[in-house]
1. Based on DSSP, what percent of beta bridges with both residues in the protein assembly as shown are antiparallel, to the nearest 5?
2. Which listed residue (D:Ala104, D:Tyr207, D:Tyr65) has the Cα farthest towards the positive end of the charge dipole for the stretch D:6-241, taking +1 on Lys and Arg C-beta and -1 on Asp and Glu C-beta about the Cα centre?
3. Ranked highest first by the average count of other Cβ atoms within 10 Å around their residues, in what order do D:248-255, C:56-63 fall?
4. Helix-only estimate, please: 222 nm mean residue ellipticity of chain B, summing -39500 (n - 2.57) across DSSP H runs of length 4 or more and dividing by its residues, to the nearest 500.
5. In whole Å, what is the distance between the alpha-carbon centres of the stretch A:13-79 and the stretch B:18-74?
6. Taking each pair of distinct Cα atoms in the stretch B:86-155 once, what is the resulting Kirkwood hydrodynamic radius in Å?
7. What's the buried accessible area, both sides, between C and D using a 1.4 Å probe, rounded to 100 Å²?
8. Below 8 Å, C-alpha to C-alpha, sequence gap of six or more: please give me the relative contact order for the stretch D:6-241 in percent.
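The values are calculated or read from the model by the stated rules, or taken from the named source; none is laboratory data. It should be emphasised that the depicted structure is a prediction, and the values quoted were computed from it without experimental measurement. Here the Cβ positions follow ideal geometry from the backbone for every residue, glycine too, while neighbour counts run over all protein chains shown. Quick note on the areas: whole protein, heavy atoms, side chains included, nothing else; ligands and nucleic acids left out. Shrake-Rupley method; radii C 1.70, N 1.55, O 1.52, S 1.80 Å.
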Amino acid sequence: MITLDVQNLESGYGEVKVLWGVSIKVKKGELTTIIGSNGSGKTTFLKAIMGIIPVWNGKIIFNGEDVTKLSTHSKVEKGIVMIPEGRLIFPEMSVLENLEMGAYTKRAMDRMQDSLDLVFSLFPRLKERIQQKAGTLSGGEQQMLAVARGLMSVPEILILDEPSLGLAPKLTIEIFETIKKLKNEGVTMLLVEQNVHLSLAITDYAYVMAEGKIVLEGTGEELERSDEVRKAYLGI
Amino acid sequence: MILKVENVTKRFGGLVALNKVSFTLEKGEILGIIGPNGAGKTTLFNVICGVYSPEEGRIIFSDVDITGLPPFKITRLGIARTHQVVKPLNDLTVKENVMVGACFGKSYMGLEDAEKIAEGVLDTVGLKERSELLAGKLNVPEKKRLELARALASQPTLLLLDEVLAGLNPLEVSKMLEVIRKIRDNGVTIMMIEHLMHAIMNVSDRIIVLDYGAKIAEGKPEEVANNPKVIEAYLGDPDLALKLLKKEG
Amino acid sequence: MIDVWVDSIIGGLLLGLVYGLAAIGLNLIWGVMKVINLSHGAFMALGMFVIYLLFTAFGIFPYFGLVIVIGLGLVLGMLTYFVALHRVIDAPELSTLLATFSVSLFIIGVGTFVFTTIPYAIDISLGSISFGNITILGTKVATGLISIAFTAILYVFLYKTRLGKAIRAVSMNRVAAELMGVNTTFILALSFGIGIALAMSAGALIATIFPFTILSGGVYELKSFVICVLGGLGSPLGALVGGIVLGMIENVVTLQIPTSYVPVIEFSILVLILLLKPSGLLGGKV
Amino acid sequence: MKKPDISLWWITIAVIVLIVIPVVTKSPILRESVFLILLYMTLALSLNIILGYTGYVSFGHIVYYGIGGYVTFSLIYFYGINLIVAMIIGGLFAAAIAYSLGQAILKLRGAYFAIATIGVNEAVKALVNNLDAIGGAEGLYFNIKVYNAYGGAENAIWLSYYLMSALIIITLIVNWYIKKSKFGLGLMAIREDEDAAIILGVDTRKYKSLAYMLSALFPGIAGGIFFFKNGNIEPENAFHLVKSIEMIFMVMLGGFGTVTGPVLGALVYERIRGLLLINPLFKNLHIAISGVVLLLIVLFMPSGIIGYVREKIAKIRRYIE
């Protein structure tokens, strides 16, 4: 079953086109990854899916329903949840308040207690710091909070934008372990990453994006073995 | 020697963005700076240009200690740069943008000379037809070229390029590389930050690798490319990936 | 002699609380929307006249009339947001400054047309409290207490309720809040509505203790700027403290120097703090 | 130095034509209304230097008009100094204050700068209110004999008119030369992106201070002429914050950052205001209507009349700037 089906998406900023007809599919319960170099349009693509920037052309079908024109908050209400690049936690709020904000929608609020239990079992460290101001957490902890906050929204699909950005290797591994755990729990995910090896190692299916287009796709293993990915990234 | 960076450290709050970075740059060289996101590359540029002053260390440019000088003075000494996130002067025309560079750069020339220089430079970067357009109307690759033109127009002796290749297609990349070589052949020393590895390996004489604010490698492109530390910093440790796979089965 | 000082300090405190209430609205709007609301004074004047009309035409006692003033402020504020601000909320600050100023012109213009610029006053008495040689008017005590109560209610709202937390979230990061499913457009409108409701109720309270004209709001708006800068732009609690400081300056400093120098001191403080410590003496965030 | 081009010629000639009309018709009514238009044009063009070219929203800019007015008025009132000398001293004094104040407040950006300038205006107004030596809150009134030195009141009024005419022409030409100079290019670079400008080598601090100083000079002189003609000066009039906003309104209406925009904006604004005041229906509502018009401009025509035309017809861009 297809959770998210993006067809021929075109978008950009002002008069400048960045996405030239991008199509991807995310299957329910699977982890789908988009890799690509800086400036290839990955983040723009996610912003367009979420409705943060307008879609010029193409369609976004979510669970069989056309959600292309919906506002960002309505998409969240439907269960399309994104953890943005750079985390964007609420620094002056406590950890608990951040999590409560995650459960802002009516749908999520009804299940807040269950969500909190899940989140604290995944991230026991957050439970210890529940009253601490989020801005005072370490970079790694903030990233965990961002993931936890996303889970609080009870996502039908969880979209992660470069969760390992700026994290030390050890923390990067932790984040990927978490993603793997979530996958085993059956969470449908769309991951955008620069860390090729780690993401290909855990993904079910992957797309390679370049210059606003999908240039390559396949299972994680297929792409891991592919010389083209290596070339696109290292040129050696 | 045109530039000497000595033990430079820059902190933001608790975060060490640059950690005792030292290197030198010879006249006429192209030096590539690589490293993962957040490694401190752009901070290094900002420290050289005077946007930030470092907590420790010194920067010597053409025998002048420029540590802590305001950016406009450093520009007039002959350092020009481009920005990773382009900063076009949107409501001025493309030509006027480049004229700002010419007027206030190393030669500090008048408007009429600046106009001539601007026309020449715009031709070099292939924006001649766009001269009279408002800069805000350019697309991203064009804005990148505008950044380059503006920096060139100031007639620098040292040029800092921050990801000028990002977002260009392969044909445009090879054109841009030609332009960069041409600039070097005209006697300008170049430092460039780049993610496109094949391009930077191709064009640089020497490469410095930053990771978590520290210099982890330095050398000829092929040496650096085969350095396991570099591969790890870039791709993540392949062993770690395997470990993750095995652990969770 | 000591009585004079005590009298002035108590008077300054009570006055400062009302000033603080006026400034809180301004600060909330700045904190959440990054808009300097130049219609604040006009809405304060509107509050004065609404409470006056409620009292004189319908015989509604001013403190009960406040409920109506708040409701009206909320509606008018949200309406103003959609009419005048929504389109330019992301434009450079000149646009929002002028947009709110044009709203001010409109209100003052219509107000002058209807009420002219002659002074009005609300004649109520709550008696007075005396101890020793010190006498404090009941109306002043009431305005002070109501100001504290409103501030407390605002705090409970911002920190304990779902909507209040959404307002704080929007003030920290609008995109992130939208990604949590918050309708940020509505939250911006609501914040402006609350800010205006606070401005109008502060105006209404001031009307119970001082005479006023349609132009009176301007004076209090400028005072609110000083207060906000004192307490830190964007910090509601800072505004209350800033208000008290200003009330004290007005009532206590004038024991030593002529009253007419008060504005000189106030605006010099404004400029100096902006230059030396733009985050305000108390410097906090929402 | 750049040669004047068509954009300067036509607007200068248009202003001169406007100036000549009352002279030819000898109509005092026309003279009064043109005097006001010329004053507005001077104020709008001056503000344009800091607001339009440099991008700093000086909200309390009227303070320099008031300062210049007070200095000029006092010099004549107390020392009997000639108007022309007095007004130049007044203008220079305003410019000097702006320069030194600019060193400090131009560090602030955006809304913070705007509030600081309001604070400066209010602080100065309050201070003057307290300076009994120059009349305090009541202000100063000329004895009618003051005008005898200028050949009587009627001649003095005509002199004021000619001085204001000369001032607007100078302001206009200076404005144009700034826009077309290297200095102007540096200012516009600051307006578009101050951080980029400083990296490109613009000494932003010096340039901003100079621009701010120049933008205070002409209002200072204009204030001197106006209050001389007025025969009376008081703080409420000299430092009227609403006038500050009227200045911004005129620049916005015409199109900021252009030379012709503020001139046109001032003309249109004065005419609209005049019409509203004449019409009995609108007379009492003119403030409210101004508010609506201002809002409509901000929301739907943010680049002003000139900006709007420029966008629609790109070809005539260089003729109308």
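1. 60
2. Checking the options against the dipole of the stretch D:6-241, the answer is D:Tyr207.
3. Working: D:248-255: 26.4, C:56-63: 12.6.
Listed from highest to lowest mean packing, they are D:248-255, C:56-63.
4. That calculation yields -12500 deg cm²/dmol at 222 nm.
5. 39
6. Its Kirkwood hydrodynamic radius stands at 11.2 Å.
7. So the total buried area for this chain pair works out to about 3300 Å².
8. Details: 335 pairs, mean separation 95.6, N = 236.
Rounded, it is 40 percent for the stretch D:6-241.
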